[in-house]
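As structure tokens, the structure follows; a few thoughts come after it.
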Amino acid sequence: MIHGFPDFWYSWRDQMAALSDRFQMVAIDQRGYNLSDKPKGVESYDMSLLVGDVAAVIRHLGRDKATIVGHDWGGAVAWYFATALPQMTENLVILNLPHPNGPLRELRTNKDQIANSEYARNFQTKSPSDPTVFFGMPLTPDTLSSWVRDPAARKHYVEAFERSDFEAMLNYYKRNDPRAGADAPPPPPMPKVKMPVLMFHGLGDTALNADGLSGTWNWLEKDLTLVTVPGAGHFVQQDASEMVTSTMRWWLSGRYPR
């Protein structure tokens, strides 16, 4: 289970508690976040290294493969992990991060998505010390935690972000995020995903337009289960926790029968 921005392993707390009776649940802090290492330099956040981190965790646990679950930047890592290391990927579960080909297409043609991605361009061009870098606010543990609705959970987020590296958070965007507009390069070729895929998308997401989901089936070899969730935002695993958890349990149980 791989979190995104701005988040940490705790994002998966509900799913871990509910599914641990059937499955070994492992949630990581990505590099730069909370208790994980925080290497310096933009190049330290290249996608190939983020994929390698996940592979290292699987091997550390004595496993050859796993079901990979990712949200936001964790979703991007999960997509690339599945295409780079299909032999280590049993199933793929993606939350609010369309297949990379979808957003790349929308960033070339969809005015709404281009506008919605303005925050990412700020992250690419501004420093973490800029007082307006985070949606017009400074990067602080409090502003980064402002999306968390549960006050008790928000306390854990503030503490985690106090241990995190803000420069590292922005380096994900500086190293890996595509440019927008009609002059942007075409999507790079990616091999088709070879394992079953379960996707969730909160339709209230103001960062990633649901139009990016269109055509996902063209980039997969196996079955796709797509769950769109009205009323849920970008952090669908928390906004619609019960639906996400119960659907994951149903879907995974069918692939790992007792």
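Summary of computed values
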| read-out | value |
| --- | --- |
| Span from the the range 10-41 Cα centroid across to the the range 118-133 one, whole angstrom | 26 |
| Sequence-separation-based contact order of the range 59-98, relative, with Cα cut under 8 Å and 6+ spacing, percent | 50 |
| Value of relative contact order over the chain, rounded to a whole percent, pairs C-alpha under 8 Å and six or more apart | 24 |
| Inter-centroid distance (Cα atoms) of the range 200-258 relative to the range 53-73, Å | 19 |
| In the chain, lysine pairs with alpha-carbon atoms under 15 angstrom apart (chain gap of 8 or more, or interchain) | 5 |
| For PHE200, residues with placed amide H under 5 Å, excluding near neighbours | ILE94, LEU95, ASN96, VAL227 |
| Residue order, fewest to most surrounding Cβ atoms within 10 angstrom, among MET243, MET1 | MET243, MET1 |
| Neighbour-count ranking [beta-carbon atoms within 10 angstrom, fewest first] of ILE28, ILE2, ILE68 | ILE28, ILE68, ILE2 |
| For the chain, with +1 on Lys and Arg beta carbons and -1 on Asp and Glu, the positive-most of ASN96, ILE58, TRP73 along the dipole | ILE58 |
| Stretch gain in nm, segment ASP142-MET243, where the contour uses 0.36 nm per residue and the Cα spacing is subtracted | 33.5 nm |
| Residue order, fewest to most beta carbons within 10 Å, for PHE161, PHE23 | PHE23, PHE161 |
| Cβ-based charge dipole, the chain, positive-most Cα from PRO189, GLY41, SER246 | PRO189 |
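Quick note: the coordinates plus some simple rules give every number you see, no bench work behind them. This is a predicted model, so every value here is computed, not measured. Cβ coordinates were reconstructed from backbone atoms using ideal geometry, including for glycine residues, and neighbour counts include every protein chain displayed.
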